[in-house]
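Everything below concerns the one structure shown next.
Taken together, the values in this text are just the output of simple stated rules run on the coordinates, not laboratory data. On a predicted model such as this, the values are computed, not experimentally measured, just so you know. A quick note on method: Cβ atoms are made from the backbone with ideal geometry, for glycine too, and the neighbour counts reach across all protein chains shown.
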Amino acid sequence: MLDLILSNARLMGTDELTDIGVREGAFAPPEMEAREVIDLEGGLVTPALVEPHIHLDAVLTVGEPRWNLSGSLFEGIAIWSERVQDLTIKDVKRRVRKVLRWQLANGVQHVRSHVDVCDPELRAVRALLELREEIGQQMTLQLVAFPQQGIQSFDGGEELMKKAVGLGVDVVGAIPHFELTREYGERSVKFAFALAAEHGLQVDIHCDETDDDHSRFSEVMAAETIRLGLEGRVTASHTTAMGSYNNAYAYRLINNLRRAHLNMVTNPLDNSVLQGRFDSHPIRRGMTRVKELLDAGVNVCIGHDSVMDPWYPLGYGDPLQAAFVLAHYGHMSGHRELKTLFEMITYNPARALGIEAYGLEPGQPADLVCFAAPTEMDAIRLVAPRRLVLRGGHVVARTEPARTTVVWDGKEEAVDFLR
């Protein structure tokens, strides 16, 4: 006997309705009776959503100690450097617990968070390492040692990175474009790669997050990946400068990124508002070359990046909201492209994070999301609520979508916003 059957599900990438079986925490063929049956009424079903890029240590700090009046990346960094002085382990854990619950309600079950290590006491790192253990199997949490002020440009930066790795972070980061010089930036990338290779860790670097077309550290990442044999284990996040490169250079770079099997993360919520701040008109929108990368066969993911922090005052931890924005700023409103957006918040980031047990096939962990919409297009269009979230075969989140009515010709009618 099955533990659960989810009936009338519309699986991601299909048009037909099907039933999904669950037994002992894993998906199973729905060929027998079940102790419980839940009718999904044609709702779209995907594997668990995956968040490949967020800064959990900074969530819910917007306005502390002051507001980002310019809305720029650099003012955000300056404000965060002030807020770091007041961090406590209790403070970090309190804020992160709240946002993890938001993410789970949105169907996110795997999270990679960058954590600032530019603090001699590493309070944020220690807080998130503790929390990673406390949440157990409720969610999967990967932590990136992230030097917000730089590795070479921050006093003791290399030692702090090594200390964070020794404490147990999962991934090594860097921020080469923010280092004081080009030489410092290249050195920071090579340091991060060497540290990761030494300890058998993955690499995820904030790379070329600028409108400056002379910022070209992505090529250094590709070269180091190939040299050290780290293909598939390296992620370049942001790479917004790529949108300003000349086409000849971009063509060569993208081919080298494909050769190195780099994973790429674009962050449409933050970068659509942070970039282009030095432009008059036309104003660039801060997107990397998403479509060209995808066409070249590069693995591209969507990240949320910030939730109510000095860089981005909005957000509620929903990858679908980020996908909605990319549909517009990335010119990804074509019918097939809308489906690709769903791959960029599920299978693509799962691959980038190295998640092996993932998907809707029998035998895989029964982790899934059911949207209150029948298709990928409708889900993105409505930023549809998550009707049901399963983790290990158990319901861990539910949303009862609002019922909307209008009075038309004197009669009250229900409106569902579906054609």
Among HIS261, HIS53, which comes first, second and so on when ranked by fewest other beta-carbon atoms within 10 Å?
HIS261, HIS53
Could you work out which residue, out of ASP367, ASP15, ASP116, moves most in a Gaussian network model of the chain, that is, has the largest mean-square fluctuation with Cα springs under 10 Å?
ASP15
³J(HN,Hα) across segment 7-12 via Karplus (A = 6.51, B = -1.76, C = 1.60, θ = phi - 60°), whole Hz, x for Gly/Pro?
9, 6, 9, 10, 5, 3
Go ahead and set up a Gaussian network model of the chain, Cα springs under 10 Å, then flag whichever of ARG336, ARG101, ARG83 fluctuates most.
ARG336
So which aspartates and glutamates can LYS98 reach, going by Cα to Cα under 18 Å and dropping same-chain residues fewer than 8 places off?
GLU51, ASP57, GLU64, GLU130, GLU133, GLU134, ASP305, ASP309, ASP318
In order through segment 323-329: 3J(HN,Hα) via Karplus (6.51 cos²θ - 1.76 cosθ + 1.60), integer Hz, x for Gly, Pro
5, 4, 5, 5, 4, 8, 6
Connecting every pair of Cα atoms under 10 Å apart in the chain and solving the GNM, the largest mean-square fluctuation among GLY76, GLY334, GLY173 falls on GLY334
What aspartates and glutamates could a cross-link reach from LYS162, if we take a straight Cα to Cα line under 14 Å and drop same-chain neighbours fewer than 8 places away?
ASP116, ASP119, GLU121, ASP170, GLU198
The answer for ASP305, listing residues at least 5 apart or on another chain whose modeled amide H is closer than 5 Å to its amide H, is HIS53, ILE54, HIS55
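Net charge near GLU231: determine it from the other residues with C-beta under 13 Å of the C-beta of GLU231, scoring Lys and Arg +1 and Asp and Glu -1.
+4
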Non-local residues with an amide H under 5 Å from the amide H of ALA26, with H modelled 1.01 Å from N and Pro and chain starts lacking one, are ALA366
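Can you give the longest stretch of the chain with no exposed loop site, where a site means chymotrypsin sites (Phe, Trp or Tyr not before Pro) in a DSSP loop (not H, G, I, E or B) with at most 11 other C-beta atoms within 10 Å? Working shown, then result.
Values: sites that count: PHE278, PHE417.
The longest uninterrupted stretch comes out as 1-277.
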Along segment 195-209, Karplus-curve 3J(HN,Hα) (6.51, -1.76, 1.60; θ = phi - 60°) to the nearest Hz, with x for Gly and Pro, reads 5, 5, 4, 4, 9, x, 9, 7, 10, 9, 10, 5, 10, 6, 7
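Within the set LYS190/LYS339; LYS93/LYS163; LYS90/LYS339, which residue pairs have Cα atoms separated by over 31 Å? The partial results should precede the final answer.
Numbers: LYS190/LYS339 36 Å; LYS93/LYS163 20 Å; LYS90/LYS339 40 Å.
Violating the 31 Å limit, Cα to Cα: LYS190/LYS339; LYS90/LYS339.
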What is the fewest-to-most order of VAL325, VAL144, VAL406 by other Cβ atoms lying within 10 Å of their Cβ?
VAL406, VAL325, VAL144
Using alpha carbons only, how many angstrom separate the centre of segment 157-218 from the centre of segment 354-374?
32
